[in-house]
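Data block below; observations after.
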Amino acid sequence: MGIDHRAFVSGGRDGVERFMRISVVGCGYLGAVHAAAMADLGHEVVGVDVDESKIAALREARAPFYEPGFEELLARTLATGRLRFSTDVAEAAGAQLHFVCVGTPQKRGENGADLRYVEAAAESLLGVVSPGDLVVGKSTVPVGTAARLAELVGGKVPGALLAWNPEFLREGFAVHDTLHPDRLVYGLPDGADGATAERMLDEVYAPIVARGTPKVITDYATAEMVKTAANSFLATKISFINAMAELCEATGADVCQLADAIGYDDRIGRKFLNAGLGFGGGCLPKDIRAFMARAGELGADQALTFLREVDNINMRRRIRMVELAREVCGGSLLGKRIAVLGAAFKPDSDDIRDSPALNVAAQLQLQGAVVRVTDPAAVENSRREWPHLDYAATPEEAAERADAVLLLTEWKQYRELDPVAFGKVVAGKRVLDGRNALDRETWTAAGWTYRALGRRAG
């Protein structure tokens, strides 16, 4: 079946452009952003999800999660009439491309990825996919998943094709990363089917391809590995500098200066060499564990044994932060008032999955501290998942009469706090910089005791 092109005058653009009909199954963080971005590129898009409250919010241009710039993109594309949302997968009938954008969380009690949602999404599409349509996986999956789903789709709907097109979104930059990716990866079937799938994906991403964005054409297995390999490399780099932070604490060296020095080597680079509390979120932790699990299933587990220590180093940072808080509080946390600045796993996000900040806050509370947590975007999510913690609306409210302040998520608002004014609300001027994000000299000049992972006391 050939690609059915239609013409429309794009709102806010000059000239007449072609569009494709697209469905996006799964309207969580990845899917909702992808759906709106594809509509912004000029396509007619329907986003499908079983969560009625999520769909209701998206229809009203309300983002069900915090992501800078997304709500504006959502409102703009809904206004064009090219974007709509539904809880009924039958609405995807007539689309030529069907993107699968559902989550692959870690299995409960195991390291492997839970593929129930991917499999359910593929099964749901079998009733609406037609010969000549292209099903496109974007979810992060273990190697071998795409080949299995290609057999399922092709077996049920002869002539329907499958491609794997992994996402590389950074939370806080998702809109930019979707519309201006640093590369496109197409995992394609062999032969003429692969050429057809490539042509259809090129049509979807036409403005992005036209800009000269690098394009990697490969097989299913390589495309599946790209995302997990990239995340594993980043996790390794973060854990490496945190391992150096442990040595710096033992020797009196300064991990920030160390990172600057080795970062000048262009083989290494300075990005992701920020020592501190380590990584969390819904991608890096579960992806490296799923990568290890899949390697074990394939009999290649020894190739990834180093990732176990990467994971261990990362988790040790949380324990060390609690120990450091106890040290600055005179050897005991019992009854001490602790302000925790940050709940999201990273700034510019309300994602609290595997949040190091909340993990530390909970450990402090278990050891007898009176903990108050604040965050510009993640308080409500935190309150639902961690109801036993106490929350505050502002840094000042959280820090009122505090014995110590812990900066655990490096939001701009916290990096720019005035240490002189802030010092007036606390009981003790002790700050623990869990992200090495504050200017030590400025804070110590204002009378604060400054401590950070991998750095001498200030």
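We did not get these values from a lab; they are worked out from the coordinates using the rules stated. Here the structure is a predicted model, which is why all the values come from computation and not from measurement. Every residue, glycine as well, gets a Cβ built from its backbone with ideal geometry; the counts of neighbours run over all protein chains shown.
When only Cα pairs below 8 angstrom with a gap of at least 6 residues are kept, the stretch 36-162 shows a relative contact order of 21 percent. Summing +1 for each Lys or Arg and -1 for each Asp or Glu among the other residues whose beta-carbon sits under 12 angstrom from that of VAL128 gives -2. Using Cα pairs under 8 angstrom and six or more residues apart, how large is the relative contact order of the stretch 370-458, in percent? Relative contact order for the stretch 370-458 comes out at 23 percent. Using θ = phi - 60° in the Karplus curve 6.51 cos²θ - 1.76 cosθ + 1.60, the 3J(HN,Hα) couplings for the stretch 100-107 round to 9, 10, 8, x, 10, x, 6, 4 Hz; x is entered for Gly and Pro. Sorting 445-457, 78-90 by average packing, meaning the other beta carbons within 10 Å per residue, from highest down gives 445-457, 78-90.
Near the amide H of SER355, within less than 5 Å, lie the amide hydrogens of GLY281, all on another chain or at least 5 residues away, with H placed in the peptide plane.
In the stretch 254-452, a dipole from Cβ-located charges (positive for Lys and Arg, negative for Asp and Glu) runs towards its positive end, and of THR449, LEU438, GLY330 it is GLY330 whose Cα lies farthest in that direction. Working note: 222 nm ellipticity from helices only, DSSP H runs with n ≥ 4, each -39,500 (n - 2.57), summed and divided by the residues of the chain, gives -12500 deg cm²/dmol to the nearest 500. Which FRET efficiency value, to the nearest 0.05, do you get for LYS271 and VAL420 by plugging their Cβ-Cβ distance into 1/(1 + (r/R0)^6) with R0 = 25 Å? The calculated FRET efficiency here is 0.20. Taking Cα centre as origin and charging only the Cβ of basic (Lys, Arg, +1) and acidic (Asp, Glu, -1) residues, the dipole magnitude of the chain rounds to 1040 debye. For the stretch 56-114 versus the stretch 163-212, the spacing of their alpha-carbon centroids is 18 Å. Amide H contacts of VAL370 (H built 1.01 Å from N, in plane; Pro and chain starts excluded): GLY335, LYS336, ARG337, ILE338 sit under 5 Å, all sequence-distant by 5 or more or on other chains. Listed by chain and number, the lysines placed with their C-alpha closer than 29 angstrom to that of LYS54 are LYS107, LYS138, LYS227, LYS286, LYS346, LYS412; residues fewer than eight positions away on the same chain are left out. Take 219-227, 297-305, 392-400 and order them by the average number of nearby Cβ atoms within 10 Å per residue, most first; the result is 219-227, 392-400, 297-305.
Out of all DSSP beta bridges in the chain, what portion is antiparallel? Express it as a percent rounded to 5. Approximately 10 percent, going by the DSSP bridge assignments. Taking amide H atoms as placed 1.01 Å from N in the peptide plane, the amide H of HIS98 lies under 5 Å from those of SER23, LEU134, VAL135, VAL136, each 5 or more residues away in sequence or on another chain. Remark: the stretch 61-72, residue by residue, has Karplus-estimated 3J(HN,Hα) of 6, 10, 6, x, 8, 8, 8, x, x, 6, 4, 5 Hz, where x stands for each Gly or Pro and the curve is 6.51 cos²θ - 1.76 cosθ + 1.60 at θ = phi - 60°.
Using the Karplus relation 6.51 cos²θ - 1.76 cosθ + 1.60 with θ = phi - 60°, the per-residue 3J(HN,Hα) values for the stretch 145-159 come to 5, 4, 4, 5, 5, 4, 5, 5, 5, x, x, 7, 10, x, x Hz, with x marking Gly and Pro. The magnitude of the dipole of the stretch 6-218, with charges of +1 and -1 set on the Cβ of Lys/Arg and Asp/Glu and taken from the Cα centre, is near 160 debye.
For the peptides 350-357, 270-277, the ranking by packing is 350-357, 270-277, with the highest mean count of neighbouring Cβ atoms within 10 Å listed first.
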